[in-house]
Amino acid sequence: MTASEVLSELAPAAALSPDLPAWDRELSGKLLMAPMAGVSDAAYRLMARSGGAALAYSEMVSCAGLHYGEKSWELVDPDPAEPEIAVQLFGSKPELFRESAERVAARLGDRLALLDINMACPVPKVTRKGEGSALLEDPGLAAGIVRACREGAPGVPVTVKIRRGRYMGQEVAPEFARAMEAAGAAAVAVHGRFATQMYHGEADWGAVARVVDAVDIPVIASGDVLSHDAARRALSETGAAAVMVARGTYGNPWVFSGHVPTPVEKIAAFECHVRLLEATGAHLKRARSLAGWYFKGMPDAARWRNAAMSCVTAEEFLAVAAEVRAALGS
Ligand SMILES: Cc1cc2nc3c(=O)[nH]c(=O)nc-3n(C[C@H](O)[C@H](O)[C@H](O)COP(=O)(O)O)c2cc1C
């Protein structure tokens, strides 16, 4: 089955839409599926879109990886069922960004909604090379990267994703965002934590609001948008044009629409997601963490999660889903 066929057949039973509307290039009021390394593959993005996300991002993709090998291109290529995607790049060398932007734009054509530059990743393996949130300390280089991407992919909106700052207490986001705007960034996403906080502590939406005040380009709020209500609150409290949902999508593609799923709809969504992994050629092991997320809160959830941990094939995961369904008496 193709991913489109999977959606037509299985999405409605999960209260998800099989029809994915085209991105209208307008950020205002939109809820977006955030980039998540190791998570936001084509199947995950399709689930988010069918749940109502206006746009979904790729995982962060290394410019050096795209330059030197073939493997990273797997992260860039959308499934044929995806109308378009946002591609996020990371690196530190403007020349490599220019080349990646050019090649990604040529490869995806109209299906590339925007190119985003990761200036937020806190992982030492990344920052040690001057990539991700390390760029927050070098606005000159970061601006050069934005310009290089614009040159490489003329006509494609180039956006940046930043944090409040790199080090605890040292907020650079408003000033840094102004520099990115001056370099031609089309929008800026702000995760309201310092990089050194990783994912700990609370995200400060006030930091997002300060960036909104500092720039004229649209701002996308990120951080602790863990429910549909939180998304609505983030929009109104920060004044941001749009919000990004990351961890709030775990087992919850309805976070975008605000639909409250029944347990049976959650199982149907897990089944749809497993079939999408299969249809998009992803590694089925990804369904192990998905099972934990979709079955959370159900009676005997720990048992079903454990059962999924030893599954390998789609049929094995679907057999666990059938058991959960039977245990619910439906
Ligand atoms: C597993 C995981 C992977 C992530 N990978 C990326 C990434 O590749 N690029 C990026 O810009 N942010 C990444 N993030 C950060 C999220 O996009 C988001 O900004 C952050 O999680 C805060 O939002 P939340 O509180 O809604 O989860 C990742 C977050 C998680 C939890």
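General observations
- Residue list for region 50-66, restricted to those being more than 11 Å from the chain's Cα centre (by Cα), crowded, with 19+ Cβ neighbours inside 10 Å and either more than 16 Å from the ligand (Cβ to nearest atom) or not in a strand (DSSP E or B) (or both): Ser50, Gly51, Gly52, Ala54, Cys63, Gly65, Leu66
- Answer from Gly69, Gly91 - the residue that is without any contact (Cβ under 8 Å) to a residue 60 or more places away in the chain and within 13 Å of the ligand (Cβ to nearest atom): Gly91
- Only listed residue being within 13 Å of the ligand (Cβ to nearest atom) and over 24 Å from Ala287 (Cβ atoms), chosen from Ala241, Ala246, Ala207: Ala207
- Meeting the requirement of 3 or more residues that are under 21 Å from Ala11 (Cβ atoms), the helices (runs of 4 or more DSSP H) wholly within region 274-330 are 286-295, 314-327.
- None of Ala173, Ala179, Ala214 is more than 19 Å from the chain's Cα centre (by Cα) and crowded, with 22+ Cβ neighbours inside 10 Å except Ala173.
- Looking only at region 254-268, residues that are part of a helix (DSSP H, G or I) and in contact with an Asp or Glu (Cβ under 9 Å, 6 or more places away or on another chain) come to 1 in all.
- Cβ-Cβ distances below 8 Å connect the following pairs, each with a first residue in region 206-224 that is charged (D, E, K, R), a second residue that is within 16 Å of the ligand (Cβ to nearest atom) and assigned to a loop (DSSP other than H, G, I, E, B), and a separation of six or more residues or different chains: Asp224/Glu202; Asp224/Ala203.
- Of all the criteria given as (1) touching a Leu at 6+ places or on another chain (Cβ under 9 Å); (2) in a loop (DSSP other than H, G, I, E, B); (3) within 12 Å of the ligand (Cβ to nearest atom), the one not satisfied by Gly251 is (3).
- Meets criteria (in a loop (DSSP other than H, G, I, E, B) and in contact (Cβ under 8 Å) with a residue 60 or more places away in the chain) for His200: no
- Qualifying helices (runs of 4 or more DSSP H) (wholly inside region 112-182; at least 2 residues being under 14 Å from Ser100 (Cβ atoms), outside the structural domain of Pro94 (by TED's automatic domain parsing) and at pLDDT 95 or above): none
- Within region 213-234, the set of residues being of a type in the set (D, E, K, R), away from the ligand (no atom under 13 Å from the Cβ) and either part of a loop (DSSP other than H, G, I, E, B) or at pLDDT below 95 (or both) comprises Asp216 only.
- From the list Glu271, Glu237, the lone residue that is of a type in the set (Asp, Glu), part of a helix (DSSP H, G or I) and surrounded by fewer than 20 Cβ atoms within 10 Å (Cβ to Cβ) is Glu237.
- Glu9 vs. criteria modelled with pLDDT of 95 or more, away from the ligand (no atom under 16 Å from the Cβ), farther than 17 Å from Ala186 by Cβ and not aromatic (Phe, Trp, Tyr): yes
- Counting the residues of region 133-165 that are in contact with a Ser or Thr (Cβ under 9 Å, 6 or more places away or on another chain) and near the ligand (Cβ under 10 Å from one of its atoms) gives 4.
- Residue within region 88-104 that is touching a Ser or Thr at 6+ places or on another chain (Cβ under 9 Å), more than 16 Å from Val158 (Cβ to Cβ) and assigned to a loop (DSSP other than H, G, I, E, B) present: no
Yes/no per residue for (1) surrounded by fewer than 17 Cβ atoms within 10 Å (Cβ to Cβ); (2) more than 12 Å from Val61 (Cβ to Cβ):
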residue: Arg103; (1), (2): no, no
residue: Val123; (1), (2): yes, yes
residue: Val126; (1), (2): no, yes
residue: Lys129; (1), (2): yes, yes
residue: Leu135; (1), (2): no, yes
residue: Asp138; (1), (2): yes, yes
residue: Ala143; (1), (2): no, yes
residue: Ala148; (1), (2): no, yes
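The values are calculated or read from the model by the stated rules, or taken from the named source; none is laboratory data. Because the structure is predicted, anything quoted here is derived from the model rather than measured. All Cβ positions, even for glycine, are placed from backbone atoms using ideal geometry, and neighbour counts span all protein chains on display.
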